[in-house]
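Undergrad: Mind having a look at this structure? Questions to follow.
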Amino acid sequence: MICSFLYNGVFVKINKLNSLSVNNMNNVIKKRRKLYSWQQGLLNGDFQIIHTMSSEIGVTSKRNLGGISPFERARFEDVVSTWDIMSGSLLSYSKGEGRGALPTHLVLDVPYQNILGTHDSDVWFPNHAGRLDNLSTGILVNPYDLVDRINRGKAEDDKLLGVPFNTLEDFKFFTSKMSDSFHNEILIICKPELLIIDGVPKTARVKLKDIVYNVEGDFLNKIKIKNDIKTVQKIALINNLKSVSFIFDHERISSFYQGSISFYDEIRHFLGDPIYTSFNRSVSTKNHFARKLKTAPNLSYAYHPLDGYRDLAVFPIN
């Protein structure tokens, strides 16, 4: 059966049974089942799909886009709905599984049918292949380059992954391999109203539901801290978020007093007093979060670390 869909402004005719390397009905059924496993796995909120950024680093950073991130100019879902594919990562804040590549975690509401591929490590997906200068805002110069790279598993550096980028794994199997030492890569289709797999709903909009900032040693730089907080505040305001959360990972901070407390004070300077905090300024030993308060206005239980040398602070956005 032949169908057409709009891709990069070009109508592409495809055989439904061969879409994105699906060669027969058995493979279609397998992919459908794997997508359903992600739908179920994400329901209880223990796991989150995030897109990470920094004011200084990354595709959406100010440095790469003329001094301002596109997420500071318009609502997140409006910006990414013009993109083809976005990279994200799966993690669990409460379980301490998985991690983000960069400190600012944009916590996403991803329709399960938008998940294109799941990979347990960074695969360097060429998100903006075919666009000028490989930027999301670049002019489209080759409308077929991205599809070709997806099917061939051809990464940014032209190295071959060994499997197509649209390879899916079962949710439980995927999470069983997660580590807090490195980030995985979830490939997300951003454009709505695309039929990717027969029997699965069309893609829908990817939305921003929260922001979590992960405080750890690699990013404890005064300039980065100030720029990141300002960027987080702007993005939250544009998207009508009422609060943002900061997780302090003390094991990854060389000095508790010079690191965590300094950063905590910097946040309070910009955002005011927290709505909720598990932070104890005198704490220098292992925290036991099972004994700490886990309910507060605008606080999601799923974000609260259950153990380890970690603290959580939730700040209002006014």
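Undergrad: Within the stretch 35-61, count every residue that is among the charged types (D, E, K, R), modelled with pLDDT of 80 or more and either surrounded by 19 or more Cβ atoms within 10 Å (Cβ to Cβ) or more than 19 Å from ASN184 (Cβ to Cβ) (or both).
TA: Qualifying residue count, the stretch 35-61: 0.
Undergrad: Listed residues ASP210, ASP157, ASP218; which is at pLDDT below 75 and outside any loop (DSSP other than H, G, I, E, B)? Outline the logic, then answer.
TA: Values: ASP210 fails: at pLDDT below 75; ASP157 fails: outside any loop (DSSP other than H, G, I, E, B).
Of ASP210, ASP157, ASP218, the one residue that is at pLDDT below 75 and outside any loop (DSSP other than H, G, I, E, B) is ASP218.
Undergrad: Quick check on the stretch 161-172. Is at least one of its residues modelled with pLDDT of 90 or more and among the acidic types (Asp, Glu)?
TA: Yes; the residues of the stretch 161-172 include at least one that is modelled with pLDDT of 90 or more and among the acidic types (Asp, Glu).
Undergrad: Residue check: is ILE196 outside any loop (DSSP other than H, G, I, E, B), crowded, with 20+ Cβ neighbours inside 10 Å and in contact with a strand residue (DSSP E or B) (Cβ under 9 Å, 6 or more places away or on another chain)?
TA: no
Undergrad: Is at least one residue of the stretch 224-231 closer than 22 Å to ILE85 by Cα and buried (at least 16 other Cβ atoms within 10 Å of the Cβ)?
TA: Scanning the stretch 224-231 turns up no residue that is closer than 22 Å to ILE85 by Cα and buried (at least 16 other Cβ atoms within 10 Å of the Cβ).
Undergrad: Kindly indicate whether ASN27 is modelled with pLDDT under 90, surrounded by fewer than 18 Cβ atoms within 10 Å (Cβ to Cβ) and within 22 Å of ILE189 (Cβ to Cβ).
TA: yes
Undergrad: Quick one: would you say ASN64 is in the same structural domain as ILE186 (by TED's automatic domain parsing), assigned to a loop (DSSP other than H, G, I, E, B), under 30 Å from LEU91 (Cβ atoms) and at pLDDT 50 or above?
TA: Here the answer is no, as ASN64 does not meet what is asked.
Undergrad: Moving to a separate point now. Condition first: polar (S, T, N, Q), within 22 Å of SER54 (Cα to Cα), in a helix (DSSP H, G or I) and modelled with pLDDT of 80 or more. Can you find one or more residues in the stretch 239-258 that meet it?
TA: no
Undergrad: Please specify each residue of the stretch 88-111 satisfying the condition of being surrounded by fewer than 20 Cβ atoms within 10 Å (Cβ to Cβ), in contact with an Asp or Glu (Cβ under 7 Å, 6 or more places away or on another chain) and not in a loop (DSSP other than H, G, I, E, B).
TA: Residues satisfying the conditions are SER92, GLU97.
The values are calculated or read from the model by the stated rules, or taken from the named source; none is laboratory data. Note that the structure is a prediction, hence the values are computed from the model and not measured. In this analysis, Cβ positions are derived from the backbone assuming ideal geometry, glycine residues included, and neighbour counts consider all displayed protein chains.
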